[in-house]
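The values are calculated or read from the model by the stated rules, or taken from the named source; none is laboratory data. Not measured: the values here are computed from a predicted model. Virtual Cβ from ideal backbone geometry, glycine too; neighbours counted across all protein chains shown. Ligands, DNA and RNA are stripped out before the accessible areas are found, and what is left, the full protein with its side chains, is counted by its heavy atoms. Shrake-Rupley method; radii C 1.70, N 1.55, O 1.52, S 1.80 Å.
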Amino acid sequence: KNEWNGTLILAGNGKILGVNRRSIINAGKMIVEDNFEIENNYKSRNPNEYGYAVSLEGNGTVIVRGNAKLSSLDYCIDAANNSEITVTDNAYISGGIAAISAKNGNVIVQTSDVSTVGPKIVATSDSGIGIEASRLTLGTKDANVNVAYPMIQSKNIGVKVTNAFNFYDGSVWAPTPRNITGTTNLETGYRIRNRQQSVDIQGESDFQFGV
């Protein structure tokens, strides 16, 4: 457990395998980078006993970057309060019920370079949600649009956002790609393209090629 105001850095080629409910409890600042892996194999037996790879308490924050990989059979990263979760580079996050759950928090998923692959967020169960957040930002508002990454995949809902959805880069693949009750902000000159079980963003001049 990372106590209040502490900083926890997990780097290199190490791995944490959790078989109890929570692999890591973080109340401070946490960074997972390089090729480090966190895995939680606890499977819930009732609604009050979910498993978590990373559980954020208080105003804890987490940054996942490099080629880090986090996975859980239930929730991968869960934030109970006003936490901030940042995922960059080629990080991979997967969870059964939800890959990232931050109902009152801020989630930022960005690529480091539009010419390369980027983060991938995956919900693996039939009723899963890729990212659930109060505020979600995919990509960077810089006029350079990557229409593929960050990539969100789910068998149910791709992204569920209650406040603001900043959709600047990336794609969302799911039967219900987005469930947005707040505002959606895009790059100037771009629109959301709806395709079968996916959404991405395209320039307005190219939008006629969308399905």
| request: Please enumerate the residues belonging to region 51-73 that are within 14 Å of the chain's Cα centre (by Cα) and open to solvent by 50 Å² or more (accessible area, probe 1.4 Å). | output: Arg65, Lys69
| Can you tell me which residues in region 17-42 are touching a Phe, Trp or Tyr at 6+ places or on another chain (Cβ under 8 Å) and either at pLDDT 95 or above or on the phi > 0 side of the Ramachandran plot (or both)? | Asn40
| request: Taking Ser171 as meeting all but one of (1) open to solvent by less than 40 Å² (accessible area, probe 1.4 Å); (2) closer than 19 Å to Ala102 by Cβ, write down the number of the exception. | output: (2)
| among the small types (Gly, Ala, Ser), within 25 Å of Asn163 (Cβ to Cβ) and either open to solvent by 70 Å² or more (accessible area, probe 1.4 Å) or at pLDDT 90 or above (or both): does that describe Ser94? | yes
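Yes or no, residue by residue, for (1) at pLDDT 95 or above; (2) among the small types (Gly, Ala, Ser); (3) within 30 Å of Asn46 (Cβ to Cβ); (4) assigned to a loop (DSSP other than H, G, I, E, B):
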residue	(1), (2), (3), (4)
Asn67	yes, no, no, yes
Ile85	yes, no, yes, no
Ile121	yes, no, yes, no
Asn166	yes, no, no, no
| note | For region 126-164 the number of residues that are in a strand (DSSP E or B) and acidic (Asp, Glu) is 1
